[in-house]
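A short worksheet on the structure shown next.
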Amino acid sequence: MLKNSDERLAKQRVIQNFGDPVKIARQLWLDATKEKIMSQRIMTGISAVMAVCCIAVVGIAWSMMQDSRAFNLKMLEQFKLAQEKSASETSGELQPILFQLEQEGKDDQPAVGFAGTLSKGDDNNPIFTVEAVSDKNGLLDFGKLPWGNYILTLKAPWGAAPQAEQITTIPGRKYEQTIICPAHAPQDVQVEFQVNWEKMPDDQEYFLLCDFRFQQYDQSKILKEYKLSSFQVIGDQTWLYLHDLSLESRKNVYLIDVNNNQATPCTLAADGSIENLDLESISWSPTVEILQGQYRVPTIYLLQKNELSKLADINSIESIKAIRFYQNNFEIPEANYRLPFAGLIVSPFKKLEIEPSMVVNKPPSELKQIHGFIPDRSTHETYAATEKQPNVWKINIPDLFPITLESGSLSSDL
């Protein structure tokens, strides 16, 4: 190796061959740091992008929160309005409930003095009850009441009443209804009895005792109490009238002379029991007075002339064994029928015997002491007494008698 003693020349040659060391060192440092700077720049760019995205997400979330808040505020406002409306309907803002009562058959004539009751809740557990009476204009006004279901009952000044009716009122609306009522209390009308008994025995004079009452026992007093009810159908309602038998004692039990088609009211004691009749003093008439209304079929007692003197003995007969006919068949119930019993035909003083051909398979124990029978007919049969004349009540005794009297005087072939 040649050495050059000239240091300046040597330095110059090194720079010419290899370059300036300072610049080389700087370049080397720059080359060394360039990758790190690029990496930092990339990270900075990513961070900036992420920051922008986060800001966008926050903006979207804020917008959604504002929309949700507005929706919630709107729903809350509606809920408050609903609450206020419900509260006003149930407590504060009550609605009128009233009825216009009009007389039947008289246009726009008010029904005055009818008592009404509105009960909210069921029949057994009413929440509250409101009473009112129809005024001179026939308006039955119960005032302002909460909406809901009610039971309406009415009662005429003379006691007639329809079945209870359920009504429903609507929130925010006044309830109004027109009801047609009876024009007046039942009045006396003339009724003619017409007995259809083609197979009536001709060897005796027969009479029918028709008792339209039913009995009700007071278990505490063990007493028999008589009741009588009739009804009128007005519009779509049935008005039931319970008679005051203390005032109508001669308008519920009648004796009919079958041969002569005439009748008379029976004399009754204060307790409703039937009194004996003196045949010579009876005042017969082709018609009798009966209060207006529809009546159930009566209990009919078959009597011969010589038995009229002991009518009072019927009072001691509490119940009888009877045979019931239906659809060309018959049955003999084990239980006795209490008297009076609607639709029952009774032979009070003589036992009835069934035609032998009909009871081949019946044990003798079933056929003992039969005093009555119920013909095969509708149990809903009624008699109507109206202002329209004539009122003819047909009392039908079966043409083909399915029974025979002990004497054999009542018989027929089946």
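The values are calculated or read from the model by the stated rules, or taken from the named source; none is laboratory data. Remember, predicted model here, so these are calculated numbers, not experimental data. Glycine also receives a Cβ, built like all others from the backbone with ideal geometry; neighbour counts cover every protein chain displayed. Remember, those area values only see protein heavy atoms, side chains included, never the ligands or the DNA or RNA. Shrake-Rupley method; radii C 1.70, N 1.55, O 1.52, S 1.80 Å.
Of all residues in the range 291-315, count the ones that are closer than 22 Å to ASP203 by Cβ and open to solvent by 50 Å² or more (accessible area, probe 1.4 Å).
First pass over the range 291-315, keeping only residues closer than 22 Å to ASP203 by Cβ: 300-311.
Add one more test, that the residue is open to solvent by 50 Å² or more (accessible area, probe 1.4 Å), and what stays is 305-306, 309-310.
Residues meeting the conditions: 4.
Look at the range 286-309 and say how many of its residues are charged (D, E, K, R) and closer than 15 Å to VAL346 by Cα. Let's see the steps before the verdict.
Of all residues in the range 286-309, those charged (D, E, K, R) come to 289, 296, 305, 307.
Of the ones still in play, those that are also closer than 15 Å to VAL346 by Cα are 307.
Going through the range 286-309 one residue at a time, the tally reaches 1.
Which of the residues that make up the range 260-275 are surrounded by fewer than 18 Cβ atoms within 10 Å (Cβ to Cβ) and not in a strand (DSSP E or B)?
ASN260, ASN261, THR267, ALA269, ALA270, ASP271, SER273, GLU275
Given the conditions (1) modelled with pLDDT of 85 or more; (2) open to solvent by 50 Å² or more (accessible area, probe 1.4 Å), and given that ASP278 satisfies all but one, which numbered condition is not satisfied?
(1)
Identify, please: which residue in the range 380-395 is among the polar types (S, T, N, Q) and part of a strand (DSSP E or B) and is, among those, most open to solvent (accessible area, probe 1.4 Å)?
Start the filter on the range 380-395 by keeping residues that are among the polar types (S, T, N, Q), which leaves 382, 386, 389, 391.
Checking the rest, the ones that are also part of a strand (DSSP E or B) come to 382, 391.
Values: THR382: 55, ASN391: 10 Å².
Checked the range 380-395; the qualifying residue most open to solvent (accessible area, probe 1.4 Å) is THR382.
Looking at ASN252, is it open to solvent by 80 Å² or more (accessible area, probe 1.4 Å), closer than 20 Å to ASN391 by Cα and out of contact with any strand residue (DSSP E or B) (no Cβ under 6 Å at 6 or more places or on another chain)? Outline the logic, then answer.
Numbers: open to solvent by 80 Å² or more (accessible area, probe 1.4 Å): no; closer than 20 Å to ASN391 by Cα: yes; out of contact with any strand residue (DSSP E or B) (no Cβ under 6 Å at 6 or more places or on another chain): yes.
When the stated conditions are applied, ASN252 does not pass them.
So if I check each of ASP203, ASP257, which one is within 23 Å of LYS350 (Cβ to Cβ), surrounded by fewer than 16 Cβ atoms within 10 Å (Cβ to Cβ) and not aliphatic (A, V, I, L, M)?
On the way: ASP257 fails: surrounded by fewer than 16 Cβ atoms within 10 Å (Cβ to Cβ).
Answer to the check: ASP203.
Which of the residues belonging to the range 237-285 are within 30 Å of ILE179 (Cα to Cα) and acidic (Asp, Glu)?
Scanning the range 237-285 gives ASP244, GLU248.
Take the residues of the range 131-152 that are within 20 Å of the chain's Cα centre (by Cα) and part of a strand (DSSP E or B): which is nearest to ALA185 (Cα to Cα)? Step through it out loud before you land on a result.
The initial filter retains those residues of the range 131-152 that are within 20 Å of the chain's Cα centre (by Cα), namely 147-152.
Imposing the further condition that a residue be part of a strand (DSSP E or B) reduces the set to 148-152.
Values: GLY148: 34, ASN149: 31, TYR150: 28, ILE151: 25, LEU152: 21 Å.
Only one residue tops the list, namely LEU152.
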